[in-house]
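Encoded as structure tokens, the structure appears first; notes follow it.
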Amino acid sequence: MSWNMVGSFLYAFASMVLSIAVIQLVGEDLGGIFTFGYSTFGQHMFMVAYFGIRPFHITDTESRYSFGEYLRLRYLTCAAAVLFGLFYVFVNGYSYVKAMTVIWLVIYKVVDGFADAYEAEFQRNGRLYLTGKSNTFRTLLSVGVFLSVLYVTRNLVWASQAGAGAQLLGLLLFDVAVMRAIPGVDRSVKGSQVCRLFRDNLLLFFSVVLDFYIFSAAKYAIEGNMTDADLAVYGAIFMPTSVINLVAGFGIRPYLTKLSVQWENRRYKRFRSIVKNLVLVILGLTVVAVLGAWFLGIPVLSLLYPNIGYALARCRTALLYIILGGALNALMTLFYYSLIIMKWQRVIFAGYLGVGAAAFLISPVFVRAMGIDGGAFSYMILMFLLMLCFGAAAFGVYRRTVLRELGRKGGRRDA
């Protein structure tokens, strides 16, 4: 667990460190290109490569599918992610520097998505520490190489290329070589099983891709309607959401097993009590975060990003929208997990589909009308809509289940 926490923290922390370093070393225009290539489009292609299959893989304790079959599917999804990345860059007609930077960062992220297959297999085999070590050492290696090359050359394309190469080296050293040393790993592949695995996870794949599109719709709108420098500024004020999501994940996930046990044993009042307490904790942290953002947010961000401090000074309102959006995202995550525990995953995809359509329609409108403030406001609105969809669905499923249980028990109120 310790290695896994270290790896997860470094992975989340890397995005902030890299964005700060790029802006300081090569300026806000290239910083905006990096923000788009690394944490927006590159991360989206990671989601394509990832295919949303990690939860399915690590819970396949009966080995319905072999490691070889999981790995074969990742080859296909990673190839699709790279090809779509090349197509996207070609269609948008980017400059040479932007096109090559985005392509290499897509490869960087896709290698990360391929490594996830090995890390999931480590976890499935009871070796979670190997998952954490892989994440830790690959992150340190790739970030260290990227920053070293960028510092020496001041060339973002070369640094991105070197970072992608370091990711590949990390994959070979900390995943492929380690897996070969583990006895009993089933590498057999049946084509029919790979097709079945694809079908089993297709809905989950669409869900995670839509989820990240909603999360990043404002960034896509800013990239399409404003300058790269504006995207760098938005990326800076968006950075606190990574911290909020990390804290929310550490706060919510330890209770998932307890929530599952309460639900499976029909202890619905206890289930409701745990969810209610987690909601109150998130709301309390939101108040603290909003107050901190109002008084300290812009000064702290200006210290971290001195090259764009002049632009950040105008973004206090946008930062508050982002903080509130992050809090709504944390609540949405709680209701999302509640629906999974209740075995109502199909509602999740419907919510993502509806809010994804809203994101496509409103994000560009708000950005064109209000600039960075509009992007931040649209993010907050979209997180509110997702939270409302999943919260209302979770409440409806809970109420229907409790009423059915009361009917089964003849109206007794001990459910």
Starting from residues that are open to solvent by 50 Å² or more (accessible area, probe 1.4 Å) and touching an Asp or Glu at 6+ places or on another chain (Cβ under 9 Å), keep the ones in region 315-343 and report whichever is farthest from MET383 (Cα to Cα). THR317
For residues in region 114-133 being closer than 14 Å to SER2 by Cα and in contact with an Asp or Glu (Cβ under 8 Å, 6 or more places away or on another chain), which is surrounded by the most Cβ atoms within 10 Å (Cβ to Cβ)? THR131
Unmet requirement for PHE250, which otherwise passes all of (1) under 17 Å from the mean Cα position of the chain (by Cα); (2) among the hydrophobic types (A, V, I, L, M, F, W, C); (3) surrounded by fewer than 14 Cβ atoms within 10 Å (Cβ to Cβ); (4) modelled with pLDDT of 85 or more: (4)
ARG346 being basic (Lys, Arg) and within 23 Å of ILE381 (Cβ to Cβ): no
Of (1) open to solvent by 30 Å² or more (accessible area, probe 1.4 Å); (2) among the aliphatic types (A, V, I, L, M); (3) within 30 Å of ASP230 (Cα to Cα); (4) touching a residue at least 40 places away in the same chain (Cβ under 8 Å), VAL355 satisfies all except one. Which? (1)
Go through (1) surrounded by fewer than 22 Cβ atoms within 10 Å (Cβ to Cβ); (2) under 14 Å from ALA14 (Cβ atoms) one by one and return the number of the condition TRP158 breaks. (2)
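What are the residues in region 134-148 that are open to solvent by 40 Å² or more (accessible area, probe 1.4 Å) and either within 20 Å of VAL176 (Cα to Cα) or among the hydrophobic types (A, V, I, L, M, F, W, C) (or both), if any?
Answer for region 134-148, where residues must be open to solvent by 40 Å² or more (accessible area, probe 1.4 Å) and either within 20 Å of VAL176 (Cα to Cα) or among the hydrophobic types (A, V, I, L, M, F, W, C) (or both): PHE137, LEU140, LEU141, VAL145, LEU147.
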From the list LEU73, LEU105, which residue is aliphatic (A, V, I, L, M) and within 19 Å of PHE198 (Cα to Cα)? LEU73
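Residue-by-condition table, conditions (1) open to solvent by 50 Å² or more (accessible area, probe 1.4 Å); (2) assigned to a helix (DSSP H, G or I); (3) out of contact with any helix residue (DSSP H, G or I) (no Cβ under 8 Å at 6 or more places or on another chain); (4) without any contact (Cβ under 8 Å) to a residue 40 or more places away in the chain:
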site	(1), (2), (3), (4)
GLY31	no, yes, no, no
THR35	no, yes, no, no
GLU62	yes, no, yes, yes
GLU69	no, yes, no, no
PHE84	yes, yes, no, yes
PHE87	yes, yes, yes, yes
Against the definition (within 24 Å of the chain's Cα centre (by Cα) and either modelled with pLDDT of 85 or more or under 29 Å from LEU76 (Cβ atoms) (or both)), how does ILE182 come out, yes or no? no
Single match in ASP228, ASP186, ASP200, ASP175 (criterion: open to solvent by less than 10 Å² (accessible area, probe 1.4 Å), touching a residue at least 24 places away in the same chain (Cβ under 8 Å), touching a Phe, Trp or Tyr at 6+ places or on another chain (Cβ under 9 Å) and acidic (Asp, Glu)): ASP175
Tell me whether region 338-347 contains one or more residues that are over 19 Å from VAL209 (Cα atoms) and free of Cβ contacts under 8 Å to residues at least 40 places away in the same chain. yes
Condition met for LEU147 (in a helix (DSSP H, G or I) and in contact with an Asp or Glu (Cβ under 9 Å, 6 or more places away or on another chain)): no
If you go through region 177-236 one residue at a time, how many are part of a loop (DSSP other than H, G, I, E, B) and not hydrophobic (A, V, I, L, M, F, W, C)? 7
Filter result (in a helix (DSSP H, G or I) and open to solvent by 10 Å² or more (accessible area, probe 1.4 Å)) within region 90-107: PHE90, VAL91, ASN92, TYR96, VAL97, LYS98, ALA99, MET100, ILE103, TRP104, ILE107
Kindly check whether there is at least one residue in region 145-156 that is without any contact (Cβ under 8 Å) to a residue 40 or more places away in the chain and under 21 Å from SER63 (Cα atoms). no
Would you call THR77 among the β-branched types (Val, Ile, Thr), within 20 Å of ALA120 (Cβ to Cβ) and open to solvent by less than 20 Å² (accessible area, probe 1.4 Å)? yes
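The values are calculated or read from the model by the stated rules, or taken from the named source; none is laboratory data. Nothing here was measured: the structure is a model prediction, and the numbers come from that model. Heads up, the Cβs are rebuilt from the backbone with ideal geometry, glycines too, and the neighbour counts pull from every protein chain shown. Accessible surface is based on the protein model in full, side chains and every heavy atom, while ligands, DNA and RNA are left aside. Shrake-Rupley method; radii C 1.70, N 1.55, O 1.52, S 1.80 Å.
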